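Trainee: I have a structure here, written as structure tokens, and I will follow up with some questions on it.
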Amino acid sequence: MIDAFIQFEFLRNAFYTGILIGFLAPLLGVFVVVRRLSLIADALSHVTLAGIAASLLLEKRFGMFVGLSPIYFGMAFSVTGALFIEKLRGVYKHYQELAIPIILSSGIGLGVIFISLADGFNTDLFNFLFGSVSAVTSADFWTIFVIAIIVVMTLTVFYKEMFILSFDEEHAKVSGVNARVFHLIFIIMVALVIAASMRIVGILLVSSLMTLPVAASMRLSRGFKQTIFLAILFGEIAVIGGLITSFYLDLAPGGTIVIISVLILITTILWNKIRRGN
């Protein structure tokens, strides 16, 4: 694999991109899980699918869109979906969880319509659904790199506000935190990371990378920061291990990464039971 890594640029792009995704997805995933918004990743991933399908449709119908990476349409749709979720959370104040299935259903519906207008699935769309190492370009890597910088800087500057808001929204409001603004910032970051992760993990599997490493870390950690550290560690192990395994066994990288994440989760659950003597 080392010789192939040196020889082929797409492998280097996939590996570097995977490292960034293995860091970003669990990092935001901790906040997502703590806020009990685990399904939001599924909703935004399906909206991203609609954006990808729309991009491929436009590329097929209009020559001016040829060469434009579908990832940008995916991000635009994902961020728009995130904004609608936040808006619907305000509309249904006593049933805020309704916002997620509404946007998820809308994303699926739009995706199916765009796919049918484009005369069905093609290889590009299939790669986006389940992930593909060979599809990762240098432009994809640099896009994700910029997103990583934005996310890390935002969480570093506003860590206190994000932390308080995640555990006690009422206390955050009393403390002077503008809950609406920070909810909006957070959900936009989640939307960008989901859209950026689809190249490696795939649209249908990206939510797993935001939740499984977090679920595993929660079985071992003794504090919030330790949960973040372990989640990122497990995420990186899953991504790097999945990419290497998929290379040697010729498997889909997205599915391999998810299965390794599941195995890590099972291992932490068993280890926790053994340690407690249950």
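Trainee: Could you put 237, 113, 232 in order, starting from the residue whose Cβ has the fewest other Cβ atoms within 10 Å?
Mentor: So the ranking, lowest neighbour count to highest, is 113, 237, 232.
Trainee: Apply the membrane-span-like helix rule to the chain: whole DSSP H runs, Cα extent along the own long axis of at least 20 Å, mean Kyte-Doolittle hydropathy at least 1.0. List the helices found.
Mentor: Helices meeting the criterion: 9-34, 99-117, 138-157, 179-197, 224-249, 253-276.
Trainee: Another one. Please give the FRET efficiency for residue 80 paired with residue 276, using the beta carbon to beta carbon distance and R0 = 51 Å, rounded to the nearest 0.05. Intermediate values should be presented prior to the final figure.
Mentor: Working: r = 46 Å, r/R0 = 0.89.
The formula returns an efficiency of 0.65 here.
Trainee: Please report, in debye to the nearest 20, how large the charge dipole of segment 2-276 is about its Cα centre when each Lys and Arg carries +1 at its beta carbon and each Asp and Glu carries -1 there.
Mentor: 900
Trainee: Just to be sure I understand the model, the point goes 7 Å from the Cα along the line to the Cβ. What's the resulting residue 138 to residue 88 distance in nm?
Mentor: 4.1
Trainee: In terms of Cα to Cα distance under 17 Å, which lysines are near enough to residue 225, apart from those fewer than 8 places away along the same chain?
Mentor: Those lysines meeting the cut-off are 160.
Trainee: Most exposed first by the Cβ proxy, i.e. fewest other Cβ within 10 Å, how do 119, 140, 168 rank?
Mentor: Working: 119 9, 140 19, 168 12.
So the residues, fewest neighbours to most, are 119, 168, 140.
Trainee: For the chain, build the charge dipole from Cβ charges (+1 Lys, Arg; -1 Asp, Glu) around the Cα centre, then report which of 203, 95, 79 sits farthest towards its positive end.
Mentor: 95
Trainee: For the pair residue 95 and residue 150, what calculated FRET efficiency results from E = 1/(1 + (r/R0)^6), where r is the Cβ-Cβ distance and R0 = 45 Å, to the nearest 0.05?
Mentor: 0.90
Trainee: Arrange the following residues from fewest to most other Cβ atoms within 10 Å of their Cβ: 201, 112.
Mentor: 112, 201
Trainee: Now for a different question. Any chance you could list the semi-axes, whole Å, largest first, of the equivalent ellipsoid that the Cα gyration tensor gives for the chain, using √(5λ)?
Mentor: Largest first, the chain gives 29, 26, 16 Å.
Rule-based calculations on the coordinates, nothing more; no lab input. Keep in mind the model is a prediction, meaning the values are calculated, not measured. All Cβ positions, even for glycine, are placed from backbone atoms using ideal geometry, and neighbour counts span all protein chains on display.
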